[in-house]
């Protein structure tokens, strides 16, 4: 019961603090709104949704591969690809915060050698870079994966083609087998046909040739008879010729005796008589010569007849031989005739088979040519597949990460740590201090004193700045000693920036105290401001991830700007001139808030 | 007497609610001026206006014949001792005085001397190094006054200066305030304690619903507006109705409460009146064991002028 009463008392106490109640109610709303808008990736105001990562890219030479890569990357709405004409431009773009990530592509060696690239990233914005880097790497991995998939698909497609080709080749071989089977059956047919050749049939057929044989025999016999007759006639002629020759010899001998007588006469007779007898002698001499010639001719004719007779004899012998040979030839011819016929048939069949075989050969040749072409294509495809390295399939995109700035992660976190510490301490300390002074009446005394409000506030700000600077120095020293962070890149610039940031945060604390009366409300209102600032600063979730409306707000929020400024000095070693817009983003609102804090109490009293 | 503050027709309204209406006041150099009034009468608003904490919308207020509220030159001459503690609780007594002195441009030897004087004068010397939060209520009040006087102002506003103090410290503070007056400082006090106002103030202004209804010395106020004297008689036994009726027949207002009888007397011969009353009591068989005669004071003035018994009860209760 007591506990219940105490609990109820607590609720009543809270109820009496209306501002606290309001802040307590607003705190979760503001916090969840900040978280929701920052992390929810849903813009409750404009619904613009996910924002994009600015990615710079430099491609030394345009090839199919690089064009494909750019085309692939352009497909992703989460990145905005900006092309540059040199590697340095890519790096400069990151340094100028125009892009978050830079890709410098190396020329691919071959189609399947994969693409190597340097991935430059702004390591001065740790979380944002990690996320943008993660997004880019994820996208590159996706592209890589897709490329791998495409390569594998291409390989698989080639393998499909090979499979198809092999199937076709199997069909072709099947066709060969069919044709061989056909040839086999043809041979079987031939064998059957050969087996069908019957000798008895041949014999019967030889019988039919007997008449021809008999006739030839008769012809030979008749020829022999005629030769016998001719021999007889020749013998008669020979006798006659011999008779006549003998007559001529007698006659010649008479003439020779006559010629001898004449010659004797001539040799003894007067010249006149001798002259007259000389022609006769010559005539006789010629006649004797002619008779000798005739005798020789007759003798020759006799020889010829004898020769003819001998030849006829030989002819007869030959005819006998012919006759016998005719018999033998007849049988051989007959046998041959059949054999030739049979062979002719066989040859015809073989010719047919050869023709068929030729046709088959042509067909097979065509098929083999096709097969060869297919195999050549297959070889080309296998060649392309074999030229793909396993590495290029698994990782077609080789990414080498290159930080733009030479700084450690701690160096990058240090500005965030300083900014958060300065925000919380400056904001809370200022607001608590002012409320404390209000509650303790010191502010009232200050108002009553001749001290001007501006002097009072300036003094307070300087005191708080001094404290904030000590905090910043502590962080820097610890970061320097513990983590090797170089805190004095540009000491003067850093000092001025820390001064400005402290001033800005203190002015917020000052501003808040215009609306708070107690320390609890001051703390609550400080948290009400700082929690969304932290959530929207990009420290927890990169601003790139936020909806464009929230990102626009986030980029001008004091904590975001403060972190950016410290990072620019500490990590990027930027000059103050380049940071003037951010400086104004802190300075102008701070001055306005201080001006308001000076004027508002007077307005409130009216 | 030299006028150090003169107001004419000061008016202030928050929206349609009028807080101050044509306030005309005149405060003289070296006097203690008391501003009396019930809660919400406009006392704090008037003091804030005169201290330049609230802008003067209507009317006129002139200090020392030439300076208007809020002017830097006037701030060096004015002091305001708020009812609440107005110093840094985590600072030591000396640190507080040093800081607030610096706010008024006092520095070096002058500041040191001034601090030493105040520490001694307000009995804070022993606590000079002690943190303000560790001081007792009375010394806190002293430190509060010291912080307001560190620059030696001429015109000092004190808002309920003795609220919450024990009688000894209260009287000590009265003495200090009188000493200030004696040093020709002008004091402007708001208080709920009628005795305090009657004891300290040279003149008293009574403010009611934003209007100053009277502004006189306490004596004149009592004389003019104090009303009847009051006899308080304590009997040996509880008074009867018959006795009350017979006492009322004397023409005075009578109230009985057990053994106590309160009689308001408006006449001037209180001895005769008391003799008459005593004989009536005796005739009724009662014996008077104690007799107290109460003179009219500022409380009576306040009651008579405001007509708000409830209001004065509240004031008394708070006091």
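The values are calculated or read from the model by the stated rules, or taken from the named source; none is laboratory data. No experiment lies behind these values; they were computed from the predicted model shown. Because the Cβ atoms are built from the backbone with ideal geometry, glycine has one as well, and the counts that use them run over all protein chains shown.
Just one residue in the set B:23, B:115, B:10, B:106 is in contact with a helix residue (DSSP H, G or I) (Cβ under 7 Å, 6 or more places away or on another chain) and in a loop (DSSP other than H, G, I, E, B); that residue is B:106. The set of residues in the range B:13-51 that are in contact (Cβ under 8 Å) with a residue 24 or more places away in the chain, surrounded by 19 or more Cβ atoms within 10 Å (Cβ to Cβ) and over 23 Å from residue B:303 (Cα atoms) comprises B:27, B:31, B:47, B:49, B:50, B:51.
To keep it simple, each residue is scored yes or no on (1) touching a strand residue (DSSP E or B) at 6+ places or on another chain (Cβ under 7 Å); (2) farther than 22 Å from residue A:592 by Cα; (3) within 14 Å of chain B (Cβ to nearest Cβ); (4) not in a helix (DSSP H, G or I).
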position: A:417; (1), (2), (3), (4): no, yes, no, no
position: A:428; (1), (2), (3), (4): no, no, no, no
position: A:434; (1), (2), (3), (4): no, no, yes, no
position: A:443; (1), (2), (3), (4): no, no, yes, no
position: A:464; (1), (2), (3), (4): no, no, no, no
position: A:468; (1), (2), (3), (4): no, no, no, no
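On inspection, residue B:254 passes the criterion of being free of Cβ contacts under 8 Å to residues at least 12 places away in the same chain and surrounded by 18 or more Cβ atoms within 10 Å (Cβ to Cβ). Residues of the range B:55-73 that are in contact with a strand residue (DSSP E or B) (Cβ under 9 Å, 6 or more places away or on another chain), at the interface with chain A (Cβ under 10 Å from one of its Cβ atoms) and part of a loop (DSSP other than H, G, I, E, B): B:57, B:71.
Here residue B:99 passes the criteria (1) part of a loop (DSSP other than H, G, I, E, B); (2) modelled with pLDDT of 90 or more; (3) within 14 Å of chain A (Cβ to nearest Cβ) except the one numbered (1). Can you find a residue that is touching a helix residue (DSSP H, G or I) at 6+ places or on another chain (Cβ under 6 Å), assigned to a loop (DSSP other than H, G, I, E, B) and away from chain A (no Cβ under 14 Å) anywhere in the range B:36-54? Yes, some residue in the range B:36-54 is touching a helix residue (DSSP H, G or I) at 6+ places or on another chain (Cβ under 6 Å), assigned to a loop (DSSP other than H, G, I, E, B) and away from chain A (no Cβ under 14 Å).
Among the residues of the range B:104-128, those identified as within 14 Å of chain A (Cβ to nearest Cβ) and in contact (Cβ under 8 Å) with a residue 40 or more places away in the chain are B:104, B:105, B:106.
Checked against the criteria, residue B:156 does not count as within 22 Å of the chain's Cα centre (by Cα), within 14 Å of chain A (Cβ to nearest Cβ), in a helix (DSSP H, G or I) and crowded, with 20+ Cβ neighbours inside 10 Å.
The residues of the range A:404-415 that are under 46 Å from the mean Cα position of the chain (by Cα) and part of a helix (DSSP H, G or I), listed by number, are A:409, A:410, A:411, A:412, A:413. Given the condition crowded, with 20+ Cβ neighbours inside 10 Å, closer than 16 Å to residue A:500 by Cβ and in the same structural domain as residue A:421 (by TED's automatic domain parsing), answer yes or no: does some residue in the range A:571-581 qualify? Yes. Looking across B:80, B:87, one residue alone is facing another protein chain (nearest Cβ under 7 Å) and either out of contact with any strand residue (DSSP E or B) (no Cβ under 8 Å at 6 or more places or on another chain) or part of a helix (DSSP H, G or I) (or both). It is B:87. For the range A:519-560, a tally of residues being under 20 Å from residue A:503 (Cβ atoms) and either in a helix (DSSP H, G or I) or touching a residue at least 60 places away in the same chain (Cβ under 8 Å) (or both) returns 11. Against the list (1) at pLDDT 90 or above; (2) out of contact with any helix residue (DSSP H, G or I) (no Cβ under 9 Å at 6 or more places or on another chain), the condition residue B:18 fails is (1).
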